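The values are calculated or read from the model by the stated rules, or taken from the named source; none is laboratory data. Computed from a predicted model, the values in this text were never measured in an experiment. Neighbour counts are summed over all protein chains in view; Cβ atoms, including those assigned to glycine, are modelled from backbone coordinates with ideal geometry.
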Amino acid sequence: MYKIIALDMDETLLQPNKTISKEDKEALIKAQQMGIYVVLATGRPIFGIRKYIDELQIPDKGYAICFNGAEVTTIDTKERIYNEKLNGDDLHYLADLSKKLNVNMHGFDKNGCFSERMSKYTELEITLNHIDLNYVKYSDFDKDHEIIKLMYVDEPDYLDSVIEEFPEDIYKRFNIVKSAPFFLEFLKPTADKWYALEALAKHLGVKNEEIITFGDEKNDYLMVKNAGLGIAMGNAIKELKDVAKFITVKNTENGIAYALNKFVFNEK
């Protein structure tokens with residue numbers, strides 16, 4: 001029997017209008033009633049997914065994987081199972097590079113989202129998460145300041161051109177993932193949705209083969225590849241479909257419910 005269902009949110013669980021379909025919601029609530037943990041695995045902070053947690057009836061003692069695997073927390077945030085953070089030195093490195101490459105940047109620390117200036121996609125970030133932007137000077141951050149993640153945010157084509165200019169050492173220093181065409185995230189190398197999920201599974205005494213994962217993008221790659229049942233959405237990128245054990249239908253076609261009916265509820 002499966003004991004954990006971990007799922008990405010945007011373009012996986014969520015519809016284009018950022019809602020959860022009736023069918024997917026009912027399936028996930030039913031899974032929880034069977035004793036299965038439903039774990040949202042997202043690039044968002046915990047306070048950015050509260051309404052979805054409530055809608056899915058995930059209890060306070062349940063868990064969420066936030067910031068693309070930099071953190072695993074209980075829903076009531078009283079316990080952190082996994083906590084992999086960057087620091088001020090990392091911020092200064094990426095801030096200097098962002099100015100050289102002329103790309104917009106923002107980040108997250110314990111106080112929320114911060115940046116030196118508002119940009120189109122920073123505004124999108126704070127709107128999605130229902131938070132304010134803290135205006136800062138990057139040079140004011142101490143080298144030991146704890147930072148959850150940093151992001152380059154810009155037009156998709158321009159962001160791709162920026163990536164081509166990256167120095168080689170950047171890939172040794174950070175886990176770099178695209179969570180959307182306009183969001184490029186920089187995390188600690190040990191921060192990944194799969195590493196976070198492994199830590200949670202160990203905490204709960206769950207085996208890897210007892211885990212189901214759902215995803216659609218590059219930041220879901222290890223999670224889908226390594227889980228007992230890694231599922232790619234019908235709308236997922238090719239790289240994810242290539243490593244998935246099953247490809248469900250699209251998020252707009254209730255892909256979560258479709259797969260759970262097949263593998264968990266055993267409905268035809």
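Taking every residue in region 204-215 that is assigned by TED's automatic domain parsing to the domain that holds L40 and among the polar types (S, T, N, Q) and pairing it with any residue that is part of a helix (DSSP H, G or I) and buried (at least 17 other Cβ atoms within 10 Å of the Cβ), at least 6 positions away or on another chain, the pairs with Cβ-Cβ distances below 6 Å are T213/M223; T213/V224.
Within the option set T252, T213, being among the hydroxyl-bearing types (S, T, Y), within 20 Å of I29 (Cα to Cα) and not in a helix (DSSP H, G or I) holds for one residue only, T213. Take the conditions (1) farther than 23 Å from F183 by Cα; (2) surrounded by 14 or more Cβ atoms within 10 Å (Cβ to Cβ); (3) among the aliphatic types (A, V, I, L, M); I46 misses just one of them, which is (1). The C-beta contact set for region 149-167 (first residue assigned to a loop (DSSP other than H, G, I, E, B), second residue of a type in the set (K, R), distance under 9 angstrom, 6+ apart or interchain) comprises D154/K120; E155/K120; E165/K100.
Being out of contact with any helix residue (DSSP H, G or I) (no Cβ under 8 Å at 6 or more places or on another chain) and among the hydroxyl-bearing types (S, T, Y) is a description that applies to S119. The set of residues in region 1-58 that are polar (S, T, N, Q) and without any contact (Cβ under 8 Å) to a residue 24 or more places away in the chain comprises N17, T19, Q33. Can we say L184 is more than 30 Å from D89 (Cβ to Cβ), in contact with a Phe, Trp or Tyr (Cβ under 7 Å, 6 or more places away or on another chain) and either of a type outside the set (A, V, I, L, M) or outside any loop (DSSP other than H, G, I, E, B) (or both)? Taking the combined requirement at face value, the residue does not satisfy it. Confirm whether G230 is more than 14 Å from the chain's Cα centre (by Cα), part of a loop (DSSP other than H, G, I, E, B) and without any contact (Cβ under 8 Å) to a residue 60 or more places away in the chain. It is false that G230 is more than 14 Å from the chain's Cα centre (by Cα), part of a loop (DSSP other than H, G, I, E, B) and without any contact (Cβ under 8 Å) to a residue 60 or more places away in the chain.
So that you can scan it fast, the table gives a plain yes or no per residue for (1) more than 21 Å from R44 (Cβ to Cβ); (2) at pLDDT 95 or above; (3) charged (D, E, K, R):
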position: N102; (1), (2), (3): yes, yes, no
position: M118; (1), (2), (3): no, yes, no
position: E123; (1), (2), (3): no, yes, yes
position: T127; (1), (2), (3): no, no, no
position: L133; (1), (2), (3): no, yes, no
position: V136; (1), (2), (3): no, yes, no
position: L150; (1), (2), (3): no, yes, no
position: V153; (1), (2), (3): no, yes, no
position: L159; (1), (2), (3): no, yes, no
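The conditions of being surrounded by 19 or more Cβ atoms within 10 Å (Cβ to Cβ), among the acidic types (D, E), out of contact with any Ser or Thr (no Cβ under 6 Å at 6 or more places or on another chain) and part of a helix (DSSP H, G or I) are not met by D242.
Taking (1) in contact (Cβ under 8 Å) with a residue 24 or more places away in the chain; (2) surrounded by 14 or more Cβ atoms within 10 Å (Cβ to Cβ); (3) in a helix (DSSP H, G or I) in turn, V224 satisfies each apart from (1). Looking only at region 113-128, decide whether some residue is of a type in the set (S, T, N, Q) and closer than 24 Å to G215 by Cβ. Yes, because at least one residue in region 113-128 is of a type in the set (S, T, N, Q) and closer than 24 Å to G215 by Cβ.
Here's a check for you: in region 82-100, which residue that is more than 15 Å from R173 (Cβ to Cβ) and modelled with pLDDT of 95 or more is surrounded by the most Cβ atoms within 10 Å (Cβ to Cβ)? Filtering first and then ranking leaves Y82. Tell me whether region 178-192 contains one or more residues that are within 23 Å of Y2 (Cβ to Cβ), crowded, with 18+ Cβ neighbours inside 10 Å, in contact (Cβ under 8 Å) with a residue 12 or more places away in the chain and in contact with a strand residue (DSSP E or B) (Cβ under 7 Å, 6 or more places away or on another chain). Among the residues of region 178-192, at least one is within 23 Å of Y2 (Cβ to Cβ), crowded, with 18+ Cβ neighbours inside 10 Å, in contact (Cβ under 8 Å) with a residue 12 or more places away in the chain and in contact with a strand residue (DSSP E or B) (Cβ under 7 Å, 6 or more places away or on another chain), which makes the answer yes. The set of residues from region 106-125 being closer than 18 Å to K137 by Cβ and assigned to a helix (DSSP H, G or I) comprises just one member, T122.
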